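Before any comments, here is the structure.
The values are calculated or read from the model by the stated rules, or taken from the named source; none is laboratory data. Remember, it's a predicted structure, so these values are computed and weren't measured experimentally. Cβ placement follows ideal geometry from the backbone for every residue including glycine, while neighbour counts extend to all protein chains displayed.
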Amino acid sequence: MTVTPELPGTDVLTGRWLTDHSWQRPSWTIAELEAAKGGRTISVVLPALNEEVTVGSVVETITPLVGGLVDELIVLDSGSTDDTEIRALAAGARVISREVDPDAEFAFVSEPADVPADATPFAIDGAEFLRHIGPDGNECAVEKILRRYELIDPTLWRIAEIVHEAVLQDERYFAPEARGLDALVSGLALVGNGAHTLTITGPLFDGLYKRFYYRDLLGQPRV
């Protein structure tokens, strides 16, 4: 049995999530917990498998804490075949699917004939994922990938808009980041090979994802 200290201030029982889900209900306030965490990052990770009925309500009980006590809220989808992912995203969670291949690798070739038999060609003549005319006009390879695999994450689509403008420069999207991204990636291509560029740009795109995810979560405007 855990004994919790008595702390002054507003009782945390006013928080809906703690009220409904705690076996023991300490008297810490949200403000006190935020102060106690210091510079640490708190992530709430919710494993889910075919939880379309309940995942939305569970996520909604935690979202009021995001941006304060909770730094990120993640639903770890273990391959659901229902609308778990869609409803978790709609409720405000970031969704990570375990279906992503952790052993995926990039192979760089000069000619289409050199593409390995078990590889998915990308950005090379004859590849499925190449700049093309989509349902709404010109699309870059990233947009094609998101459509092909039915990825609905709005943050991924925001990054696709930036890549679109960096590649096509047709002013279809408001993406002021595109010019800087184009300069950076083009410059990297001049000082190293494809593998080097991939090593550098991987963390770059991870950072872009994180930035836009939290900005949209907090309702901050695009500037």
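Details
- Segment 163-193: number of residues that are in a helix (DSSP H, G or I), more than 17 Å from residue 129 (Cα to Cα) and of a type in the set (A, V, I, L, M, F, W, C): 9
- So residue 208, is it surrounded by 16 or more Cβ atoms within 10 Å (Cβ to Cβ), farther than 25 Å from residue 64 by Cα and modelled with pLDDT of 85 or more: no
- Of all residues in segment 194-203, those being at pLDDT 85 or above and either surrounded by 13 or more Cβ atoms within 10 Å (Cβ to Cβ) or in a loop (DSSP other than H, G, I, E, B) (or both) number 3.
- The listed residues are 79, 68, and the only one of them that is loosely packed, with under 14 Cβ neighbours inside 10 Å and under 20 Å from residue 213 (Cα atoms) turns out to be 68.
- Cβ pairs under 6 Å, 6+ apart, first in segment 72-92 and over 16 Å from residue 53 (Cα atoms), second surrounded by fewer than 16 Cβ atoms within 10 Å (Cβ to Cβ) and among the hydroxyl-bearing types (Ser, Thr, Tyr): 72/43
- Residue 189 vs. criteria closer than 17 Å to residue 123 by Cβ, surrounded by 11 or more Cβ atoms within 10 Å (Cβ to Cβ) and within 16 Å of the chain's Cα centre (by Cα): no
- Checking each residue in segment 140-158 for being hydroxyl-bearing (Ser, Thr, Tyr) and part of a helix (DSSP H, G or I) picks out only 155.
- Selection count where residues are among the charged types (D, E, K, R) and touching a residue at least 60 places away in the same chain (Cβ under 8 Å), scope segment 56-71: 0
- Strands (runs of 3 or more DSSP E) lying entirely in segment 29-120 (those with 3 or more residues that are closer than 22 Å to residue 157 by Cα): 72-77, 94-97
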